[in-house]
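Asker: Just dropping this structure here.
The values are calculated or read from the model by the stated rules, or taken from the named source; none is laboratory data. Nothing here was measured: the structure is a model prediction, and the numbers come from that model. With ideal geometry, Cβ positions are generated from the backbone for all residues, glycine too; neighbour counts draw on all protein chains shown. Side chains included, ligands, DNA and RNA excluded: accessible areas come from the protein's heavy atoms. Shrake-Rupley method; radii C 1.70, N 1.55, O 1.52, S 1.80 Å.
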Amino acid sequence: MSTRAGERVCVLGAGSLGSVIGGVLARSGHTVTLVTRNAAHVNAIRDHGLRLVDDESSVTCSVAATTDIDTVRVADLVVVLVKSFDTRAAVASARHLIGADTLVLTLQNGVGNEEVIADVVGGERVIAGRTFVGGSLIEPGVVEYGVAGRLTVLGELDGVVTDRLRHVAATFDRAGLTVDISTDIVAMMWEKLFVNVATGAWSALTGLPYGELSVHDDIEAMAIATVSEAIMVARALGIDVHTTDPSEPWRRAWEGLPHGFKASMLQSVEKGSRTEVDVMHGAVCAGGRRAGVPTPINDTLLAAVHGLERRLELDAAG
């Protein structure tokens, strides 16, 4: 895959984060198509372009957007950012985008999505990544974002540093994203998982954005304890994670983002939709059972969010 301007990129699951990734790639000269179920978002982008905003500036990006994946051409790079529970169906629907040299990159939350994608399109096409870039949909066509200093890590599933991996990293770098290449992307998935569990359920259950969540000492103490459980599970599973201080992922989750920025799990709750708690806190709980490590805090949060999801279902049913 080349990094020259004009490469065709399809973002599959272009919600808030997908819109940010697609927008910055488009601004660096690539031909980007955003695929999302959100028809209002698509219509606003078609009428006015995609607008990315932060506390200090606003930029408009020229991207294509559609709700109909059948209309999208073969891509050089497919970035998968659908919710984890939609992965298999979404990637299967995108098979026609896969050409002879197409790469499929997952930047999804949680662990295990890369295995599902590999099962659908073949492991030889798949690279994995984790990003700390932030995105929050303010209104159709307008996304609040945080890019500066927020790392994106990419890696081959087998840990080999290949030319194609370097090419994708260079593409992201030229788009203004801070990029690193990992020879142990599984460990990096868990490093990102630590950030997810630091804030995910706490934000969903309290309804608080990062700026408010971060100033409550009692929440901070319990959030750090939530991460501590996840670190113990990762180590017991033999995963070579580098984080030793559980307060680091807590700070990393919200530092540098606008005060009102919302965790992805809270964004799902506010839309009345299912969250990704099963591949975040649920992954910690499942790993704990395999490794014989108790995870009482994550177990409690998982159950509480499941209860919240059930209430949302009942509310939607009237």
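Asker: Are there any GluC sites (Glu not before Pro) in the stretch 149-239 that are in a DSSP loop and have at most 16 other Cβ atoms within 10 Å? List them by number.
Answerer: none
Asker: Next up: Mind running the shape call on the stretch 82-150? Use the C-alpha gyration tensor, a ≥ b ≥ c as the square roots of the eigenvalues: rounded below 1.5 for a/c, prolate if a/b tops b/c, oblate otherwise.
Answerer: Judged from the Cα gyration tensor, the stretch 82-150 comes out prolate (a/c at least 1.5, a/b above b/c).
Asker: Suppose we keep just the alpha-carbon trace of the stretch 149-196; what are its Rg and Dmax in angstrom?
Answerer: 10.9, 30
Asker: Another question about this same structure. Would you calculate the convex hull of the Cα atoms in the stretch 137-286 and tell me its volume per residue in Å³?
Answerer: Looking at the stretch 137-286, the number lands at 125 Å³ per residue.
Asker: List the trypsin sites (Lys or Arg not before Pro) in the stretch 225-297 that DSSP assigns to loop (not H, G, I, E or B) and whose Cβ has at most 13 other Cβ atoms within 10 Å. Which are they?
Answerer: Passing sites in the stretch 225-297 are LYS271.
Asker: In square nanometres, what is one fourth of the surface area of the convex hull spanned by the alpha carbons of the stretch 1-130?
Answerer: Dividing the Cα hull surface by four gives the mean projection, 7.9 nm².
Asker: Now a separate question. One quarter of the convex hull surface, Cα atoms only: what value does that give for the stretch 150-230 in nm²?
Answerer: Quarter of the Cα hull surface area: 6.5 nm².
Asker: Select from ALA75, LEU34, THR60 the residue farthest towards the positive end of the dipole of the stretch 23-86; place +1 on Cβ of Lys and Arg, -1 on Cβ of Asp and Glu, and compute about the Cα centre.
Answerer: Comparing the listed Cα positions along the dipole, ALA75 ranks first.
Asker: Right, next: At 1.4 Å probe size, with every protein chain present, just tell me what the per residue accessible area of the stretch 159-242 comes to in Å².
Answerer: Computed with neighbouring chains in place, this is 40 Å² per residue.
Asker: Rounded to the nearest 500 deg cm²/dmol, what is the calculated helix-only ellipticity per residue at 222 nm for the chain, with -39500 (n - 2.57) per DSSP H run of length n ≥ 4?
Answerer: Computed mean residue ellipticity for the chain: -14000 deg cm²/dmol.
Asker: At 1.4 Å probe size, with every protein chain present, just tell me what the per residue accessible area of the stretch 1-142 comes to in Å².
Answerer: It amounts to 39 Å² per residue over the stretch 1-142.
Asker: Let me ask something else. What relative contact order, as a whole-number percentage, does the chain give when Cα pairs under 8 Å and 6 or more residues apart are counted?
Answerer: Computed over the chain, the figure is 15 percent.
Asker: What net charge do the residues around GLY15 carry, taking every other residue with its C-beta under 14 Å from that of GLY15, with Lys and Arg at +1 and Asp and Glu at -1?
Answerer: 0
Asker: Hey, got the Cα dimensions of the stretch 66-120 along the principal axes, in Å, largest first?
Answerer: For the stretch 66-120, the Cα spread along each principal axis is 29, 24, 16 Å.
Asker: With a cut-off of at most 10 other beta carbons within 10 Å, and DSSP calling the residue loop, which GluC sites (Glu not before Pro) in the stretch 249-318 qualify? Please list them.
Answerer: none
Asker: Right, another one. ALA118: net charge of surrounding residues, Cβ under 12 Å, Lys/Arg +1, Asp/Glu -1, itself excluded?
Answerer: Once positives and negatives cancel, what remains is -4.
Asker: Among the complete DSSP H segments of the chain, which ones combine at least 24 Å of alpha-carbon extent along their axis with a mean Kyte-Doolittle hydropathy of 0.5 or more?
Answerer: Counting only whole DSSP H runs, the qualifying helices are 185-206, 217-236.
Asker: Report the Cα centroid-to-centroid distance between the stretch 61-103 and the stretch 173-201 in angstrom, as an integer.
Answerer: If you average the Cα positions of each part, the centres end up 22 Å apart.
Asker: Follow-up. Of all accessible surface on the chain at a 1.4 Å probe, what whole percent is carbon and sulfur?
Answerer: 49 percent
Asker: Can you bin the stretch 176-219 into rounded, prolate or oblate? Criterion: square roots of the alpha carbon gyration tensor eigenvalues sorted a ≥ b ≥ c, rounded for a/c under 1.5, prolate for a/b above b/c, oblate for the rest.
Answerer: Taking the square roots of the gyration eigenvalues as a ≥ b ≥ c, the stretch 176-219 is prolate.
Asker: Rg to Rh ratio, the stretch 218-267, alpha-carbon atoms and Kirkwood radius?
Answerer: 1.03
Asker: Moving on to the next point. Using unit Cβ charges (K, R positive; D, E negative) and no other charged atoms, how large, in debye to the nearest 20, is the dipole of the chain about its Cα centre?
Answerer: Once rounded to the nearest 20, the dipole reads 680 debye.
Asker: Which shape class applies to the stretch 208-318: rounded if a/c is under 1.5, otherwise prolate when a/b exceeds b/c and oblate if not, where a ≥ b ≥ c are the square roots of the Cα gyration tensor eigenvalues?
Answerer: Oblate, because a/c is 1.5 or more while a/b does not exceed b/c.
Asker: Just to be sure I understand, if you calculate Rg and Dmax of the Cα atoms in Å for this structure, which of [x] 24.6, 105; [y] 18.6, 54; [z] 19.9, 59 do you get?
Answerer: Evaluating Rg and Dmax of the Cα atoms in Å on these atoms matches [y].
Asker: Separate question: Just to compare against my own numbers: the Cα pair-distance distribution for the stretch 120-173, 5 Å bins, whole % per bin, please.
Answerer: Reading the bins upward from 0: 4, 15, 21, 18, 16, 13, 10, 3, 0.
Asker: To continue, here is another question. What Rg and what Dmax come out for the stretch 2-70 when only alpha-carbon atoms are used, in angstroms?
Answerer: For the stretch 2-70, the Cα radius of gyration and maximum Cα-Cα distance read 11.5, 38 Å.
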